[in-house]
Amino acid sequence: MSKGVLVDMTKCFGCGACTVACKLWNEKKYDEVNKPTLGEQAQLVDINWTVVSKHDVTDKSGHPAWRFAKKQCLHCVDPACASSCLVGALRKTEQGPVIYHPDLCVGCRYCMVACPFNIPKYEWDKSFPKVSKCQMCFTRVAAGEQPACIAVCPNQVMTFGDRDALVQEAHKRIADNKELYVNHVFGETEVGGTAWLYLSDQPFAKLGFKTAVPQESLPAYTWQILSKLPAILLGWTAILSGIYFINKRRNSIAEGKQDSTGGPQA
Amino acid sequence: MTINGNRITFKMTPFRLILIGFSLIFVGIVAYRLVNGLQMTNLTDAWPWGLWIFIDVKLGVALAAGGFTTAGIYYVLGVKKVKPVVKPAILTAWLGYCLVGFGLLMDLGRWYGWWHPIFSWGEHSVMFELYMCVLLYTIVLTCEFAPVLFKGIGLIKVSSFFTSLTAPLVIGGIALSTMHQSSLGSMYVLTLGKLNELWWTMLLPVLYYSSAVAVGPAMVTCETALAGRFFRHDWDAPAMTFLAKWSGYVMSFYALLRFSDLAVRGQLGALFALDTESLMCLLELAIGCVLPLFFFWSYKLLGREMTKAMIVRNAVLMVLGVALNRGNVVFTGMAKAAGTSYFPSAGELFLSIGLLSVGILVYLFIVENFDVFPAHDRYVNTKKEPVQPQGAGCARA
């Protein structure tokens, strides 16, 4: 069963414990001056696999308020990055995480161009850089545990479980509290669905979410083209060979000699 | 050592000295890049692809389309009047693909693993298909040009062995080119939602392929005009007129498809919105489609003979138009999704310039010493010291 995470952003108060847990578990360096993990400037970079960004909004009663959004790879159900990789260095696992195999990666960075959410980052300052993104603690998930960031959250912002059950849970929470939530589960249908799902009381675009994304799986578009190629290749080769032999024969009849078009030195 | 019974020659000119200078800088930059990685570039997380992917891969492959198109016109369609341009076209395509391969290698972050795709297949990836086709087609081009090289160094039997392979090589080469020329477009199908809708369409593979088939002979025309000036060749009017007509008809098909696609997808409003994207798109269409097609069809409909000036001007316009189109897809169309700007660093610029310089030097060396151009007007050299070409890593691709 494919796992997922439901993030209820109305519960997050921005402590950043999840970002610390992530750094500790994945042994990533800290650079809060240049690459902060928390606050308005927080952004995903090579050493930040998850960040908590702060957003100034207006709450339902019209007062200024803060909202916090935990960001990381969304682990798409049908990931564009995995379909784009020419060596299969990025793979969707059965348990849900989309994971990276650096020993296969050649560093073409097509995954970075392909990702609809601009998640994969690059170690630009290394001689032999790796692609860098959240792995959803796949060794923990495989062992039946929840990812490190979820385990440490003091306010149970995130719920870990089967994705299908979480989608139902999300809709149940919206139905139970219609005044609070925006009637949308971010990640349910975005790019064909993602393992990470979000609930919010604010429009998602205000919390830095990329909302203008296609609602269907992106690799399906490419596959429409790629799946036709073998037939095109065979058909085209047959047609070209046919034209070649017809012209060759026509020439040899016309000139009374053989193979006047064969060979570059002819 | 002799080639075709003559001493090896390489005439030194100021132009060639400048090229050698750029090539030396190039060797230094390559060494620095291989050791220190991509820090010398201005690439960022927002702009993972830059100048090298644009010039060395996207544009290089499109402009090297002259190899498979002219070979197809001559060997498959049996149009004999284009014979004088076939060998030079295959030579430039071969060198072009060697440069593309080397440029791509420089762009790979973990370049030492360049051979991984041969064993670890990402069969759902357009990039995988592109990689395999470019690799195989470079081998095909090497075999297609091999007769000239082996004949030059006196190995006549090896030369005629490769000559006997011509038909399958040419047909296989066209099939492989069809696949990867279109793949350069298919690659961007995955960027739905990121690439501006003026360029994003499911027809990207067809548009890329047809524009490559049109621009290949146009590039051959430009090269022939340039080589003709340097080596004082006669202008072969029947061959060049045929290529101009070929490009004209294929570009008409491309333009028809491009404009209908924009209209069907309701993008004509965006085309005339006069923002950056729309202006760049209009420039691309004006230079690459509207102007050359206007000249082509006005000559055609008035029944006028196409002059050399008109043919070369049309070819230059089409080459510029395709360069603008590829640049717009890589840069202009992706700028909004990136959110920041990108300008190549000096290192990126000089690596691309240097790579091109090496290519030109190798081209000049081969043209001067081997039977590439028809024998009667082959350039006769004054005796000078032999200079070795710096074909750095050509075989790597």
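Computed from the coordinates by the stated procedures, all read-outs in this text should not be read as laboratory data. It should be emphasised that the depicted structure is a prediction, and the values quoted were computed from it without experimental measurement. Virtual Cβ from ideal backbone geometry, glycine too; neighbours counted across all protein chains shown.
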Which whole-Hz ³J(HN,Hα) couplings does segment B:199-211 yield from phi under the Karplus relation 6.51 cos²θ - 1.76 cosθ + 1.60, θ = phi - 60°, glycine and proline marked x? 10, 6, 7, 5, 7, 3, x, 5, 5, 5, 5, 5, 5
Formal net charge of residues neighbouring residue A:226 (Cβ-Cβ distance under 15 Å; K, R +1; D, E -1): -2
Proxy reagent accessibility, fewest Cβ within 10 Å first, across A:75, B:233, A:55: A:55, B:233, A:75
Taking amide H positions as placed 1.01 Å from N in the peptide plane, with prolines and chain starts having none, which residues 5 or more places from residue A:130, or on another chain, fall under 5 Å of its amide H? A:123
Count neighbours as other Cβ atoms within 10 Å of each site's Cβ, and list the trypsin sites (Lys or Arg not before Pro) in segment B:156-238 that are DSSP loop with at most 16 such neighbours. B:232
At R0 = 25 Å the Cβ-Cβ FRET efficiency linking residue A:162 and residue A:188, nearest 0.05, sits at 0.95
Rounded to one decimal in nm, the spacing of the 7 Å Cα→Cβ label points at residue A:139 and residue B:230 is 5.7
The rounded separation in angstrom of the Cα centers of segment B:248-276 and segment B:51-130 is 27
For residue B:277, net neighbour charge (Lys/Arg +1, Asp/Glu -1) across residues whose Cβ lies under 11 Å away: -2
Kindly rank B:243-254, A:29-40 from highest to lowest mean number of other beta carbons found within 10 Å of each residue. B:243-254, A:29-40
Cβ neighbours within 10 Å from other chains - mean over A:231-240: 4
Measure off 7 Å from each Cα along the Cα-to-Cβ vector at residue B:20 and residue B:123, then give the distance between these two points in nanometres to one decimal. 5.2
With residue B:296 itself left out, Lys, Arg at +1 and Asp, Glu at -1 over residues whose Cβ is under 14 Å from its Cβ give +3
Counting only other chains, and only Cβ atoms inside 10 Å, what mean value do you get across the residues of B:201-214? 1
Return the single residue from A:161, A:144, A:96 with maximal mean-square fluctuation; model: Gaussian network over chain A, springs between Cα atoms under 10 Å. A:144
Once a ≥ b ≥ c are taken as the square roots of the eigenvalues of the Cα gyration tensor of chain B, is the result rounded (a/c under 1.5), prolate (a/b larger than b/c) or oblate (a/b not larger than b/c)? oblate
For residue A:108, residues with placed amide H under 5 Å, excluding near neighbours: B:109
Mean Kyte-Doolittle of at least -0.5 and a Cα length of 20 Å or more along the axis: which whole DSSP H helices of chain A meet both? A:229-255
Please list 3J(HN,Hα) in residue order for segment A:48-60, calculated via the Karplus relation 6.51 cos²θ - 1.76 cosθ + 1.60 where θ = phi - 60°; whole Hz, with x for glycine and proline. 10, 7, 9, 9, 10, 9, 9, 10, 7, 9, 10, 7, 4
Show me the trypsin sites (Lys or Arg not before Pro) within segment B:282-313 that DSSP assigns to loop and that have at most 13 other Cβ atoms within 10 Å of their Cβ. B:304
Quick query: amide H of residue A:196 versus all other amide H atoms, modeled in the peptide plane; which residues come in under 5 Å with a sequence gap of 5 or more or a different chain? A:5
Using θ = phi - 60° and the Karplus curve 6.51 cos²θ - 1.76 cosθ + 1.60, what whole-Hz ³J(HN,Hα) does each residue of segment A:128-145 get, with Gly and Pro shown as x? 10, x, 10, 6, 10, 6, 3, 9, 6, 6, 5, 6, 5, 4, 5, 8, x, 9
Work out, step by step, the length gained on full extension between residue B:290 and residue B:6: first 0.36 nm times the residue separation, then minus their alpha carbon distance; give nm to one decimal. 97.4 nm
Please identify the longest segment of chain B free of exposed GluC sites (Glu not before Pro), where exposed means a DSSP state other than H, G, I, E or B and no more than 14 other Cβ atoms within 10 Å. B:124-304
